Amino acid sequence: MSSETARMIPSTLVYVRRDGRTLMLRKARGHQRGKWNGLGGKAEPGEMPEACAIREVREESGLVVDALTYRGTIVFPRFDGSNDWYVWIYLASASGEPIAGDEGELAWIPDDELADLEIHEGDRVFLPWLDREELVFSARFDYEAGRFVGHEVAFYPRR
């Protein structure tokens, strides 16, 4: 790990659900190439996380978000090798039919098969937290050389 100061990257991750399935994106480029993930990306300067989530869903899938439910935040120190990613995570319902773009392949995956996809190792830890409706979470997930090495989490009651 470099001693250089990491830049904070605010971003969102949205799991759009419909009829027992979740819309997943298989990344076509970047440090996550080949991995399946929810929709999302970097916030623009001054943009609230909710606005970022809605915009990213529209840009990556063509869907219009009907409702967002905040589930938690995860910090990924040096996730891309140099930056600390601060990720606000949401569940969403959305209207329309997904249209894939240059970000990668889109597919509706049965909720009980998400962990079977080629996803980041840490995703297998937090995906079950999305369904704990009574709680929100704040976590840090640590990766070294692309390998998941551990996490810390605090759960808070949803009010």
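Please identify every one of the GluC sites (Glu not before Pro) in segment 67-147 that sits in a loop by DSSP and has no more than 16 other beta carbons within 10 Å of its own beta carbon.
Those that pass, being in a loop and sparsely packed, are Glu118, Glu121, Glu133, Glu134.
Between Glu97 and Glu133, what is the label-point separation in nm under the 7 Å Cα-to-beta-carbon projection?
3.0
Could you work out how far helix 49-61 tilts from the main Cα principal axis of the chain, as a 0 to 90 degree angle to the nearest 10?
Helix 49-61 sits at roughly 60 degrees to that axis.
Please report the relative contact order for segment 79-159, taking Cα pairs under 8 Å with a sequence separation of at least 6, and give it as a percent rounded to a whole number.
Computed over segment 79-159, the figure is 24 percent.
Return the distance in nm (one decimal) between the two label points of a simple spin-label model at Glu152 and Arg7, each offset 7 Å from Cα along Cα→Cβ.
Placing both labels 7 Å along Cα→Cβ, they lie 2.6 nm apart.
Between Glu113 and Ser82, what length in nm is gained on full extension when 0.36 nm per residue of separation is reduced by their alpha carbon distance?
8.0 nm
On alpha carbon coordinates alone, what is the Rg over Rh value for the chain, Rh being the Kirkwood radius?
On the way: Rg = 14.9 Å, Rh = 16.0 Å.
In the chain, Rg relative to Rh is 0.94.
What does the helix-only formula give at 222 nm for the chain: each DSSP H stretch with n ≥ 4 adding -39500 (n - 2.57), the total divided by the residues, and the result rounded to the nearest 500 deg cm²/dmol?
When only DSSP H runs of four or more count, the value is -3000 deg cm²/dmol.
Listed highest first by mean packing, meaning other Cβ atoms within 10 Å per residue, what order do 137-143, 10-16 come in? Before the final figure, lay out the partial values.
Working: 137-143: 17.6, 10-16: 23.1.
The peptides rank, most packed first, as 10-16, 137-143.
Please report Asp111, Asp19 as a ranked list, fewest other C-beta atoms within 10 angstrom at the top and most at the bottom.
Going from sparsest to densest Cβ surroundings: Asp19, Asp111.
Quick one: length gained pulling Lys27 to Met48 fully straight, 0.36 nm per residue minus the C-alpha distance?
Numbers: separation 21, 0.36 × 21 = 7.56 nm, distance 2.40 nm.
Roughly 5.2 nm would be gained on extension.
Where a number appears in this text, it was derived from the coordinates with a stated rule and is not lab data. Because the structure is predicted, anything quoted here is derived from the model rather than measured. Neighbour counts are summed over all protein chains in view; Cβ atoms, including those assigned to glycine, are modelled from backbone coordinates with ideal geometry.
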